[in-house]
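Novice: Below is a structure I'd like to ask you about.
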Amino acid sequence: MLATQSCSTLIHDLTEQLANARHQTDTLFDLVKPDSLYERPISERHRIIFYIGHLEAFDWNLFRERALGLKAFHPEFDRLFAFGIDPVGGGLPTDRPSDWPSIAAVQDYVRRIRSVLDEKLTGALLDSNASTSDGFPLATLLNVAVEHRLMHAETLAYMLHQLPFDRKKPQTELLSVNTPAVVHRSIEIPAGAVTLGLPRGGDSFGWDNEYEAHTVNVPAFAIDQHKVTNRQYLEFIAAGGYETAAFWSDGDNRDNNNEDWNWKSRQGVSHPAFWKRQGQQWLYRTMFEYVPLPLDWPVYVSQAEAKAYARWAGKSLPTEAEWQRAAYATPQGDERPYPWGAKALGAAEPAEHFGSFNFARWSPVPVNEFPLGQSAFGVDGMLGNGWEWTSTEFAPFPGFEPFPFYRGYSADFFDGKHFVMKGGSARTAACMLRRTFRNWFQAHYQFIYTGFRCVSR
Ligand code: AVJ
């Protein structure tokens, strides 16, 4: 497992983090039986083989010319494996397995890139002021490579989750399903300010969309202490939640008012993607097996489903700023680096007693499993055990500038179709639990480790 550590600017730490991240993704691909690497577990994404090449092509395309001044040795693969896909509104890929290179050729490409990068980066890094042709410190690029790979370690887990069990090498996992009964209540958060974003010129790493820091004044609201559980979501289903159009549209002035309802109807969605009905019973699909639905685990759903539940409950999804205030603000008016602050157990850095993250396990745990992780206001489980949907469209903060070496990382998704998720899942690396990290997906994407909690205003 990865050491629990946050982002670093120290070169030595960074090369070690890259090695750890490689180990993490290698282990994931290793979970797949070799005859199944050309499968496409999620129809909106590439086949598994693409990602083996992609993780190396990404690093190589990032460093090769601008940091190391090297020549390409396989430009065709550099292009083939350069970018993943996220089709908006249909347009699924239609390639066939035979369109892709052999596993041996891809592994060769991977090995060659790793050995060249390891050799050349070590040299370049000896100069502690090393920077790229566009003037960024080499440390920033290394953070980009490490976090890009760690994000894929999570999104690959979503993908392999959907791969049929018999195409994976089985693993046993002890599931946590019993904790003290979950008592649901909502917590009043008084009106006040909260900081979003990172100030430029600081020495910690952030992606382009985390800049710049700014203050938002948030009116008073009340927020669920816990994430919405499978048990609560069952009540929504029993109340006809998936058959009632009123829960699926905004009733506001948007032209695409019925988009969520139309999506749900067209796709025939009638329950969360991780659930399966068997006779009178609901089963839950974990990474390796079906189990009876664990009622106190957080429900993982698309944003459209989360919003429908919230409307049924007479509540809303939190905005990004509300979520941030519930997680990091305090009654005293200061802000904590992590929801739990520096408590009796010593350092405030993410540690396993504060929540389920940093590859701690495959499956969720009950929503009340880690009371030590509570925020200053007593809101529980805000980091780990599943990302949380906000109602906020993924859009730039004031002062946003794309990274010149990766212009599309965020900007390609400022399209009104992607929404901000905050928090983290069991498969989120510790470094991305920082306060300013922003994740996002399309409102209709169901295969992510993402749940929600509701607010009232
Ligand atoms: C930030 C998780 C939404 O997976 O689409 C990986 C991360 N971008 N390679 C995604 C990403 C390019 C991105 N998310």
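Novice: Sort the following peptides by mean Cβ neighbour count (other Cβ atoms within 10 Å, averaged over residues), highest first: 45-53, 185-193.
Specialist: The densest-packed peptide leads the list: 45-53, 185-193.
Novice: How much of the pair distance distribution for region 333-385 lies past 12 Å, counting alpha-carbon pairs only, in percent?
Specialist: Tail of the P(r) past 12 Å holds 60 percent of the pairs.
Novice: Taking every pair of alpha-carbon atoms in region 271-336, what share in percent sits in each 5 Å bin, from 0 to the bin with the longest distance?
Specialist: 4, 13, 16, 16, 15, 13, 11, 6, 4, 1, 0
Novice: Give the distance, in whole Å, between the Cα centre of region 379-457 and the Cα centre of region 112-146.
Specialist: Region 379-457 and region 112-146 have Cα centres separated by 27 Å.
Novice: Then there's this: Can you order the peptides 330-336, 361-367 by their average number of other Cβ atoms within 10 Å per residue, highest first?
Specialist: 361-367, 330-336
Novice: Could you run the Debye sum over the Cα atoms of region 182-249, one equal point scatterer each and no solvent, and tell me log10 of I(q)/I(0) at q = 0.12, 0.21, 0.26, 0.29 Å⁻¹, two decimals?
Specialist: -0.64, -0.92, -1.05, -1.15
Novice: Alpha carbons only, please: Rg and Dmax for the chain, in angstrom.
Specialist: Looking at the chain, its Cα Rg and Dmax stand at 21.9, 65 Å.
Novice: Could you work out the equivalent-ellipsoid semi-axes for region 7-167, taking the square root of 5 times each eigenvalue of the Cα gyration tensor, largest first, in whole Å?
Specialist: Details: eigenvalues 170, 54, 44 Å².
Three semi-axes, in Å: 29, 16, 15.
Novice: So, by mean Cβ neighbours within 10 angstrom, what's the order for 290-302, 233-245 with the highest one leading?
Specialist: Top to bottom by mean Cβ count within 10 Å: 290-302, 233-245.
Novice: To continue, here is another question. Among G268, W282, V301, flag the residue with its Cα farthest along the positive direction of the charge dipole of the chain, charges on Cβ as +1 for Lys/Arg and -1 for Asp/Glu.
Specialist: Going by the Cα projections, it comes out as W282.
Novice: Please state the shape class of region 43-110: rounded when a/c is under 1.5, otherwise prolate if a/b exceeds b/c and oblate if not, all from the C-alpha gyration tensor.
Specialist: Here region 43-110 falls in the oblate category.
Novice: Here's another thing I want to ask about it. Only helices at least 15 Å long along their own axis, judged from Cα atoms, and with Kyte-Doolittle mean hydropathy of -1.0 or greater: name those in the chain from DSSP H.
Specialist: 11-30, 48-63, 103-125, 138-161
Novice: Please report the base-10 log of the normalised intensity I(q)/I(0) for region 377-457, using a Debye sum with one equal scatterer per alpha carbon and no solvent, at each q in 0.18, 0.23, 0.24, 0.27 (1/Å).
Specialist: -0.85, -1.24, -1.29, -1.40
Coordinate-derived values only; no laboratory data. Only a predicted model underlies this, so the values are computations on that prediction, with no experimental measurement involved. Positions of Cβ are generated from backbone atoms using ideal geometry, with glycine treated the same way; all protein chains shown enter the neighbour counts.
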